[in-house]
Every structure is written in C-alpha cells, then in structure tokens.
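Please treat every number below as a calculation from the coordinates, not as lab data. As the structure is a computational prediction, the values presented were derived from the model and not from experiment. All Cβ positions, glycine included, derive from the backbone under ideal geometry; neighbour counts span all protein chains shown.
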Amino acid sequence: MVISLRAIEKSFQHKQVIAPLSLEIPQGQLIGLLGPSGCGKTTLIKMIMGMMKPDNGQIYVFNKTVPHQQLLTDIGYMAQSDALYTDLTGEENLQFFAKLYRLPKKERTERVAYTAQLVRLSDDLNRKVETYSGGMKRRLSLAIALIQNPTLLLLDEPTVGIDPLLKVDIWQELLRLKNEEQKTILVTTHAMDEAEKCDQLAMLRDGQMIAYDTPQALKARYQAKDFDEVFIKAGGRTQ
Amino acid sequence: MRVGAVITRIFQQMRRDKRTLALLFVAPLMVLSLMYFIFGSDDKELTLVVSDVPTPIIQQLEQSDFHIVVQSNFSQALLKEKAYDGWLTMIDQTAKLTLLNDTPANAKALMMKLSQALQPTQATTITLKTNYIYGDAETTSFDIFSPMLIGFFVFFFVFLITGIALLKERTSGTLERLLATPIKRAEIVAGYMLGYGLFALIQTIVIVLFSIYVLDIVHVGSIWLVLLINVAVACVSLSLGALLSSFAASEFQMMQFIPLVIVPQVFFSGIFPLDTMAQWLQYLGRIMPLYYAADALNGVMYKGNSFGDIAMNLSILACFALVFIILNIISLRKYRSL
Ligand SMILES: Nc1ncnc2c1ncn2[C@@H]1O[C@H](COP(=O)(O)OP(=O)(O)OP(=O)(O)O)[C@@H](O)[C@H]1O
Ligand SMILES: [Mg+2]
C-alpha cells in the first residue's frame, strides 16, 4: 500500500473535521477524493503530506510513518490555493523548487522545460507570475508539484480555473503518469466528469468516508445516470 | 545548496523591488543627514557679546572668526532676548562665559574656539568659568548620540525589511508550501539570515562610511570595530524581525511592533542619561539589544575603546541573535514538525 490511514481523527477547536477514518491506497492508482465543501478533503491531504498532525491514528506512506524527511521528496504536492513567488518569473519559481529537491543542474533544466511544456507555459516562463491569469498560476502550481518527478502525487483541486481543453490535456497526462510510470495519484475534485476518470473514488461527508468504490459501482449503488446524481444522493438530500 | 537556493531567490526578489532597496540604502542616509543639519550647523558664525574685556583680547577674538558685539551693561536676560551665542565678561584674570546653549553643538564650538583663542599668547593664564542659560555641559548633541543613531538605523531598517518580507511569505502561503519540500527548518532560517544578512551588511557599510566620511561624525576608535558592532546589530534585528513576523497577521500588525519594540529601545540607548533613571528602569534597559549596541558604539567612537573593551557587549548581542535564531527554527514547527 502506498498510503494507509488508520483511524485518523482531527478536530479544530472542538469541531470534529475528520471522524475516525481508515483508507488504503495501492500503488499505480488514480484515486478521487470527493465531497461537499468543508467536508475535510484539504485537511486529509495536508495530514498525509505531514503538514498537519492528526489528533489520533497513524498515517503511513510507502511504509514510513508520516512525517518523514524522505517522503517530502517522494510526494508531489499541489495546494488548493496557489503559493507562488509572484515577484519572480515562472521559470525562477520552477528553478527554485527544483533546487530544493537537489536536482543536478542538467536534470533541473530538463525538468523545468518538461513540466512547463506539460502545462503549456513554455512561452510564458520569462514573465513575472504577478502578470499571470488565475488559470496560468494554477498550471504553474501543478508544474511545481511535478518538478522532482515524484512517485506519489497529492493534488488538491488541480483543475480549478483551467479551461476544458487544457483540463483534458492535464487529465491525459495524469493518466499517462499512472499507466506508464506507475505513479499513485490522489486528487480532490468537485468536477464530476473528472471523478469518472478515477480508478477509485472516496466520498467524504462531514469527515466520514461514506463510500469507497469504483465510479461504476457507485453509480449502480445509487442508481444514478451520471455522477452529479451520485453526489447529490450520497449527500443525503434526496434520501 | 538548498540554503543557496533560498539566498538566490531573495536576491532575485530584492533586485526587482527597487522601493525596498531604496528604503534600505537611501532612507537611512537621508534621515541621518537631516539630523546632522538640524543638530549641528557647524559653519554658522558665532556671535559673542563682550563686556569689560581688554582690547587686545577682543582683537584676538575677532581674528578667530567670532562676530563680536561690544556692550557693557549686558545681562543674561538680554542674552536670552537677543539669542546671541555667548557672553564674555572679565574681572581681573577670571573670564566668565555665559553660553546660551540653545543648540548644544554651537555652544561646544564656541567653547572650543574661545579656549583656543585665549590660550597661546596670554602670559598669565586666564581662568574660564562657564555657565549655561539652557541645559548644562552634559546636554547631548548630534555628535554625542550619532554613534547610537548609526546602530539604531541599522536595527530599524533591517527589522522592517526582513519582518515584512517574511510576513509576506507567511501570508501568501509560500512558507507553508516551502515546508512541503525537503528543505529543513534550519535551512530556511539560514537562507533568510544569509540572504537578507548580505543586504544588511552592505547597508551597514554604507551607513557607517557615510556617517564617518561624509557627515564627519567624530570618531576616535577603529572603523572596523564600528562595522563589527553594526553587523552584530543587523543579525539581532534580522532574527528578531523574522521572529516577530510570526506573531503578526498583516503588514499593519507588523508596523504595530515598531512602537512596542523599536521605540523603547531608543530611550535606553544613551539619548537620555541612564544613571539618573530609576533602578528598575535601568534593569529594563538590560534586556534591550540596542542598549548594548549603543554602549559599544559610544565606547569605540568616543572613547576609542579596543576590541577587548567591547567584547562583552558583542557577545551579549551574539547571544540575542542566537536565541532569536533558535526561536525562529522552533516557531516554524507550527507548519511542520520535521
Ligand atoms: N486551520 C483551521 N482552523 C479551524 N478550522 C479549520 C482549519 N482548517 C480547516 N478548518 C475547518 O475544517 C473543515 C474542513 O476544511 P477543509 O479545508 O478540509 O475542507 P475541504 O473539504 O477541502 O473543502 P473545499 O472543498 O471547500 O476545499 C471546514 O469546516 C473548515 O472550516
Ligand atoms: Mg479544500
């Protein structure tokens, strides 16, 4: 198992955000994390990343207890809100993060060029990030998450504000990374068309996992035609 | 290399931020010059009123650039009213000098000139008695507190710039993002200290050289020691600024630290005489880094102290910096425990 969560709990100011939750994610899978706003997706991702400590329970990634220094290199992380140096250019941002992973100079240049091309930013690399549009910043964040060629990707709403055409490209790339390079990918999303592309979906509600299954199985379970319906039914509105 | 990456990034950011660079290098020089002109108008012609002074001495005084007003029946009240710089009367061999002392620098210059003028030719020595209309002989002037002023400016501007830079990194989320990479907390702090430290060093050199060579601030001690003390001051304020930025949620809140942290330090750095303060106030002064900096700077620039004399002050400053650096590393635990 790449990620295993064992009965983790988290509260903020006595408000339980993650109820005891267990989850096992095998290698080479694309897992979607789904759930209404405020259900604890970001909190969960941050805890797996080791940026937040669960109140109870254990988190293992690649059989190492989180937090672990090595894991910080193995995991590529994309935060929900862009954290970029806006007074630097796109290239300087990528170079800076590449250096933090101690990539040798040649590999660094290659990875910067490769990830920039992946998110279609090659022509804008020499512009300051403060002149970027919202979608461009999002893409740069994604490029940074991929810069060190990590084996596990934690992406918190990676395609928000990205146009449908580019979204298709990005998902193609995610699927390629999974299929050809056996990477494990955990994405949170609110887009139901994206949810259907995942191998497994974990549905969260009020910090509890209400379902963990393939998209097809979930559709069958809720007798839904499309995924919006699954989401609404799982949310408990019509039941 | 990770530290290097942080340093390179800080340079790239600073290079583009012309305003901050200007604040770092031009602002302290402007304020220092302004204070210099306010407190020490050196080249002003000094007006001296003389009553009952023998003619040869008057001639002598005129030769040494005094503007002389001869007037008997003069009084302190008149001196105050006319705002002349001084009043000299002579009874036998005793000269009585009354200084207006509204501008201490002028009063000091007048005294120096007068004693020079009276000394050499006079066979029988003249005893000079001095009294003051305003203040007394201890009144400080720009010359007196300029050494601590240098330290203060280094402290203030370095504090402001690193504090705000680190705050921006916290509020924009980049600091949290940084801690999702393998960089160690100590490496972040080291990168910051070295990156901004280099700018602080250049700033320190500029301020010290400007004060000594352009403003001609009196100094007897070694300029290297002056630099060394200010580098220590920069380290303390760098680490303190970084630390306090973690208690501020916005630039505005960062500014609120100025009256809390910076202003009180000025009171204890020698502008006001310390030995007349209440005991508990004197103890309070001991927890302020600028107290030690001012003491060391005054020692070197006025008394010509050597390294040995200020070693104690320097090591206390180093301790301050060390404690703040460690607290910085600990405070980053908030984001990541590794
Ligand atoms: N630092 C914090 N302090 C207090 N409460 C927090 C904190 N972070 C998150 N929360 C609360 O935890 C809950 C879950 O937040 P989280 O960000 O994980 O939601 P989310 O599922 O990612 O939502 P969204 O889909 O809108 O991004 C919310 O109710 C939020 O108010
Ligand atoms: Mg979220």
Within chain B, how many Lys pairs that are eight or more residues apart, or on different chains, come under 17 Å at the alpha-carbon?
12
Averaged over A:62-72, how many beta carbons belonging to a partner chain fall within 10 Å of each residue's beta carbon?
2
Quickly rank A:219-232, B:77-90, B:236-249, A:25-38 as a protection proxy: mean count of other C-beta atoms within 10 Å, highest first.
B:236-249, A:25-38, B:77-90, A:219-232
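Kindly identify region B:177-286 as rounded, prolate or oblate by the Cα gyration tensor criterion: order the square roots of the eigenvalues as a ≥ b ≥ c, call it rounded if a/c is under 1.5, otherwise compare a/b with b/c, prolate if a/b is larger, else oblate. Show your work: numbers first, answer last.
Working: a/c = 2.39, a/b = 1.32, b/c = 1.81.
Oblate is the answer for region B:177-286, as a/c is 1.5 or above yet b/c matches or exceeds a/b.
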Classify region A:95-203 as rounded, prolate or oblate, taking a ≥ b ≥ c as the square roots of the eigenvalues of its Cα gyration tensor: rounded when a/c is under 1.5, otherwise prolate if a/b is larger than b/c and oblate if not.
oblate
Against the longest principal axis of chain A, how steep is helix A:134-146, in degrees 0 to 90 to the nearest 10, with axes from Cα atoms?
90 degrees
Shielding by partners - mean other protein chain Cβ count within 10 Å, residues of B:296-308
0
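Could you sort the peptides B:182-195, A:146-159 by per-residue average Cβ neighbour count (10 Å cutoff), highest mean leading? Each step should come with its number before you reach the end.
Details: B:182-195: 20.4, A:146-159: 22.1.
Descending packing order for the listed peptides: A:146-159, B:182-195.
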